[in-house]
Structures are given as C-alpha cells and as structure tokens.
Amino acid sequence: MTIFFDQIPGSLRLPGYRNEFALGTPPFSQSMQVLIVGPVAAGSTVTTGVSQRPSDDIEAAYGAGSLLGTMLNYAKLTRPFLDYRVLPLPESATKATDVYTVNTVPPVGTWPFWVLGNARRRQITVVAGDTVTTVAAKIAAAINSRVTLAGDSKSLVDIVSATSALGVVTVTARNGGTMLNATKWISFKSRGEVSPLGSHITNVFTAGSGAPDLAAALAGVGTGYYAWVISAYRDATSLAAIDAWLEAQWGPFAMRYGWAVGAVVGSQGTLAALGDAMNDRKRVLAGLRNSSEPEPIIAACFGAELAHVFDFGRSITEVQIFARGLTGRTMTHLTGPWEEDDVFSDEQRNLLYFDGISPQVPAEGAVQMERVITTFQRRSSTGLEDISYLDINGPCIDAWVVQYQRHYVWNAHQNDSLVGDQEDFADGQTRPKDARKTFVSAYTEVNRRGKIVQDIPSYEQALKVELSGDPVRLNVEQKIFRANPLYILATKSIVGELAPGAQT
C-alpha cells in the first residue's frame, strides 16, 4: 500500500518527526430548504423576486395580511424547525371581492361568524336600536380585527380586509389573483354551530384574476437545495413555470431533486379533470371537497408536513421514514370544511387516486393525510398507465439513495487513475470491479442501516459497471429496489367450517 502525502515532500532529508492533517471520508451530510412562493402586500419592506431567509416580523417584512406571510406562518406552526426560504413576489392582478348585504337587523345578542377558517372565529354584539348600517360596520370591524391561532405568539390581520357603508360590507383580498377563488371566505356555520346572522345576510362573490410571471421570478432563486416548493399559485401557467424550473434541478448536472406542492378544493369531477391533465413525478396536489381554509394555506401546511417526513437532511439511520405510509398524519392548523360532512366519499377518494390527486381526510377538527401520490400517471412514450412514481415515497427514496451514493462512491474514487480490470489492485487506482464493489457496499449500507431499499442480490446481479470509449469515464447502470409503504391489507376470512379436530 502506497501512502500519499500532500505537504511532506518525498525528497525530504532533514531529520525530524513531521505531520500533516488530511480529511478522511466524511459522514454523509446534506441540507435542504423549503421554498414558499407568494405575493407581498401593501407596506412590504423586502426585495421582491429574490429568494431569501424569512423574517420573524411577518407583517413588517411582507405587509399586513400578505398571502406570503400567512403561508409562512402556517408552515412554521406546522413544522417550525425546517429551513424555510421565501420568494416574495410583487402585488399584481385583480383582487377578489365578497360583498355582504345586511338585509334585516339580526336579533339582539352576541353572535359569531367565521373568517377563512373554523379556528378564526369573530363575533359581534347586536343591541337595541341597531340598524343594518351599524350591524354592517360591526361586521367589518370584526373582520379587520387581529387573530391569534392556537400555538402562535403573534396576533395577525387576515388576508382580506373589510369596509362598510349603508348596510353593505365589502370584503377584499389583500392580494390580487385567483388564489382565493375556490373557497368561501366567511361562514355563518362552523362544524354544527349556526349563527343567526346568516339568515339576515346575503353575499355576492367576484373572483380575482391574473397571476405573476413565475418563470421570471424563479430565475431569482439561489442555488440552494429546494427540495420542496410550496406555491400560492396553481394556475396552469404558474404550475408549468415551476415544473420547468424543477426539471432543470433534476438534471444530471444539478441533482437537486425537488417537488412542487399545491392544494385544490372542489368537487371530485373538478379535481379529477385537473389532475388527469397532469403527468409529473415532481408535483403533488392535496385535494379537499370543501375547506374553510383557502388553498394556499392548505398547501403551506401540507407542504411543511411532507418536508418534515421527506427531509433530505436525514441521516442514514433516520431515513427509514421515507418508506413508511403517511395515513393519519395530522395537520392540526387545518380545520377542514365548514360543515363536517362536506367530504369526499370512499369511492370518490379512490377515484382521485387514479387522477393524480392526493385526497386529504378531515377528522376531529383537523385534516389528515391518507396516501400521498404524485401527478405522474402514465409513461409518455406509450401513453399507458404507469405506477413507477405513484406514491411520493418512491421518487423520494430514489433521490436520497442517489445522493447518498454520490457521496459514498465519489469520495472513494475521485481523482484516482482509471484502468481496466486486467490490472492488479493499487491505491489511487480504480478498476471497474473496484467501483462495482463500492456501489454494492453503498447499496448494502442503505439496505441494512437505512431500510429503504431491498434485495441486495438482485441489485448486485443487475449492476453494470464498464469502461467508456472516453478513457477518463466510467459508466454505471443500476436498479434501485425500493422498500414500499404498506397501505392496503386485504384479508379473506373463511368461516363456517368445523375445526378439523371437531369433525367425526
């Protein structure tokens, strides 16, 4: 074995003890970031169009009631210790409005209503002598009041603001665009509790429109490893821009594998049509039939929970969670629909799993994951159904394994000389069979310690390592045999027969 020195010369003749330090093979380590993309509101002080670390002072940084600040707050309440980044975008497009008319004065008393979530309760007190104008003013003031969510130390204004005049309350989104069009903003019913205000008020909603140039904005994102991109926007143009950006990150020269996370609310048919038009292993869409929280907030909580489970900074002894099911993981800051029974049936959820949508399950005042899939549904070359990237676990395992192998194999062989298998073993020299042993060793480590791959003999049998026509290049082909989450346990129980010992 030859020992190579970087600093102590071979021609040294001066007597004495000499030492140099050199780094050995480091343990596998990497970090990832969660990128939240959304608009700032009036009063924002941050630079837009550039990814950056988030500010703790959400309202001062992103503007009071900004959708970006609200998404960040919900994400951090869901999983506070992730490494978040934000991509603030300037205000643009047309704001949605919801106009409420107080037709008659409600009865005297203190009555609740809810704004943008079952946990965001407001109330007004109606007194003798009130008119529709004074009642409308009280409703507007309540909408504009600050709210503190459970577990939060901050008191924040909502992503909508309200004004009143002559018995009419005009509620306006603080950000323009389509992001708040899919859900009801204000409800006079919440999980079985009914407010008498509802029978005295009618409303007319006008949808917002427009979207930013997300492709241009993503050009301002730094070179960090953004494994999860949570976007306020789910229009076709914005989704295409995120997909194109992520596709470049997945390329062989970047190897920063990431996923776009969004949320959709609507009927089973609406969600099915949306999901069926997609076919991407890099996109995950949470689906609900109805929700009291708007889609960007659902995406923030859902994305934060996914990023916690599939954290690419996990060490090899912690990564086994990648191969486990997600059923029952609870997002406590999502409260589900206004009415508890406004949910997808079992049959509808099963159909959505064939359309690239991950239906979420409202339960006990929160929302739970059930099974999370990508929008990948068919192989583009044939158009035939393909489940290779169905569950999100699969491509996440693939990505982690490849990143671990890059660390393990490249650290073992980089800067060696490359020779054929006919040569004898020597330090500082790599033959195809040496690299093959290192790949098998890395896979074995992931199997025995990580528990996210299986079948070492089949891996070894399928592994190909060969010299290229380029004398400095080694080509490798491998098959990764993933461990898979257990989601379905089918049991057939045969009954009615006498036990063999009881028969005569």
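A quick yes/no check of all residues on (1) under 30 Å from F310 (Cβ atoms); (2) surrounded by fewer than 24 Cβ atoms within 10 Å (Cβ to Cβ); (3) of a type in the set (V, I, T):
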site: A41; (1), (2), (3): no, yes, no
site: T45; (1), (2), (3): no, yes, yes
site: A75; (1), (2), (3): yes, no, no
site: R79; (1), (2), (3): yes, yes, no
site: A93; (1), (2), (3): no, yes, no
site: T125; (1), (2), (3): no, yes, yes
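Restricting to the stretch 326-366, name every residue that is touching a strand residue (DSSP E or B) at 6+ places or on another chain (Cβ under 7 Å), in contact (Cβ under 8 Å) with a residue 24 or more places away in the chain and in a strand (DSSP E or B).
Those that are touching a strand residue (DSSP E or B) at 6+ places or on another chain (Cβ under 7 Å), in contact (Cβ under 8 Å) with a residue 24 or more places away in the chain and in a strand (DSSP E or B): T330, M331, S358, P359, A366.
How many residues does the stretch 278-309 contain that are in a helix (DSSP H, G or I), crowded, with 24+ Cβ neighbours inside 10 Å and β-branched (V, I, T)?
Number of matching residues: 2.
Mind listing whichever residues of the stretch 219-240 are of a type outside the set (S, T, N, Q), within 17 Å of the chain's Cα centre (by Cα) and in a helix (DSSP H, G or I)?
Within the stretch 219-240, L239, A240 qualify.
Yes or no, residue by residue, for (1) at pLDDT 95 or above; (2) not in a loop (DSSP other than H, G, I, E, B):
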{"residue": "T438", "(1), (2)": "yes, yes"}
{"residue": "A442", "(1), (2)": "yes, yes"}
{"residue": "R449", "(1), (2)": "yes, yes"}
{"residue": "T491", "(1), (2)": "yes, no"}
{"residue": "T504", "(1), (2)": "no, no"}
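Please work out which one of (1) surrounded by 15 or more Cβ atoms within 10 Å (Cβ to Cβ); (2) within 16 Å of N203 (Cβ to Cβ); (3) free of Cβ contacts under 8 Å to residues at least 60 places away in the same chain; (4) not polar (S, T, N, Q) is the condition A165 fails and give its number.
It is condition (1) that A165 fails.
Among all residue pairs at least 6 apart or on different chains, which show Cβ distances below 7 Å where the first residue, located in the stretch 60-78, is within 18 Å of T335 (Cα to Cα) and the second is outside any helix (DSSP H, G or I) and among the aromatic types (F, W, Y)?
Taking only residues 6 or more apart or on different chains, the pairs are L72/Y84; A75/Y84; K76/Y84.
Restricting attention to the stretch 145-154, and to residues there that are free of Cβ contacts under 8 Å to residues at least 12 places away in the same chain and of a type outside the set (D, E, K, R), which single residue is nearest to A165 (Cα to Cα)?
Per the stated criteria, the residue is T148.
When the residues of the stretch 168-182 are narrowed to those that are closer than 16 Å to G43 by Cβ and either of a type outside the set (G, A, S) or assigned by TED's automatic domain parsing to the domain that holds S238 (or both), which ends up surrounded by the fewest Cβ atoms within 10 Å (Cβ to Cβ)?
Out of the qualifying residues, it is T172.
Considering (1) in contact with a helix residue (DSSP H, G or I) (Cβ under 8 Å, 6 or more places away or on another chain); (2) touching a residue at least 12 places away in the same chain (Cβ under 8 Å), say which one S55 fails and leave the rest.
It fails just one condition, (2).
Taking the options Q405, Q422, name whichever one is farther than 18 Å from T25 by Cα and either surrounded by fewer than 17 Cβ atoms within 10 Å (Cβ to Cβ) or at pLDDT 95 or above (or both).
Q422
Any residue in the stretch 486-500 that's assigned by TED's automatic domain parsing to the domain that holds V372: show its pairings with residues that are surrounded by 10 or more Cβ atoms within 10 Å (Cβ to Cβ) at Cβ separation under 7 Å, as long as the two are six or more apart or on different chains.
none
What is the one condition in (1) of a type outside the set (F, W, Y); (2) modelled with pLDDT of 95 or more; (3) within 36 Å of the chain's Cα centre (by Cα) that G383 does not satisfy?
Here G383 meets the rest and fails (2).
Among the numbered criteria (1) modelled with pLDDT of 95 or more; (2) among the aliphatic types (A, V, I, L, M); (3) in contact with a Pro (Cβ under 8 Å, 6 or more places away or on another chain), which single criterion is violated by A93?
For A93, the failing item is (1).
For every residue, the table says whether it meets (1) outside any loop (DSSP other than H, G, I, E, B); (2) on the phi < 0 side of the Ramachandran plot; (3) touching a Phe, Trp or Tyr at 6+ places or on another chain (Cβ under 8 Å).
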{"position": "S458", "(1), (2), (3)": "yes, yes, yes"}
{"position": "N475", "(1), (2), (3)": "yes, yes, no"}
{"position": "K479", "(1), (2), (3)": "no, yes, yes"}
{"position": "L486", "(1), (2), (3)": "no, yes, no"}
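Restricting to the stretch 407-455, name every residue that is aliphatic (A, V, I, L, M) and closer than 28 Å to P395 by Cα.
Hits for the stretch 407-455 are V409, A412, A435, V440, A442, V446, I452, V453.
From the list A248, A323, A260, exactly one residue is of a type outside the set (S, T, N, Q) and at pLDDT below 95. Which is it?
After ruling out the rest, the residue left standing is A248.
Looking at the stretch 130-144, I want the residues that are in contact (Cβ under 8 Å) with a residue 24 or more places away in the chain and have a partner that is part of a helix (DSSP H, G or I) and buried (at least 19 other Cβ atoms within 10 Å of the Cβ) with Cβ atoms under 7 Å, at least 6 apart or on another chain. Which pairs are those?
none
Has the stretch 241-249 got any residue that is charged (D, E, K, R), surrounded by 14 or more Cβ atoms within 10 Å (Cβ to Cβ) and in a loop (DSSP other than H, G, I, E, B)?
no
For the stretch 309-323, name all the residues that are in contact with a helix residue (DSSP H, G or I) (Cβ under 8 Å, 6 or more places away or on another chain) and not aliphatic (A, V, I, L, M).
Passing the criteria: F310, F312, R314, T317, Q320, F322.
The conditions are (1) at pLDDT 95 or above; (2) crowded, with 16+ Cβ neighbours inside 10 Å, and R53 fails exactly one of them. Which is it?
Result: R53 passes all but (2).
Could you check G420 against (1) more than 27 Å from V319 (Cα to Cα); (2) assigned to a strand (DSSP E or B) and say which number it fails?
Going through the list (1) more than 27 Å from V319 (Cα to Cα); (2) assigned to a strand (DSSP E or B), G420 breaks only (2).
The values are calculated or read from the model by the stated rules, or taken from the named source; none is laboratory data. For clarity, every value in this text was computed on a predicted model and none was experimentally measured. Neighbour counts run over all protein chains shown; Cβ positions are idealised from the backbone, glycine included.
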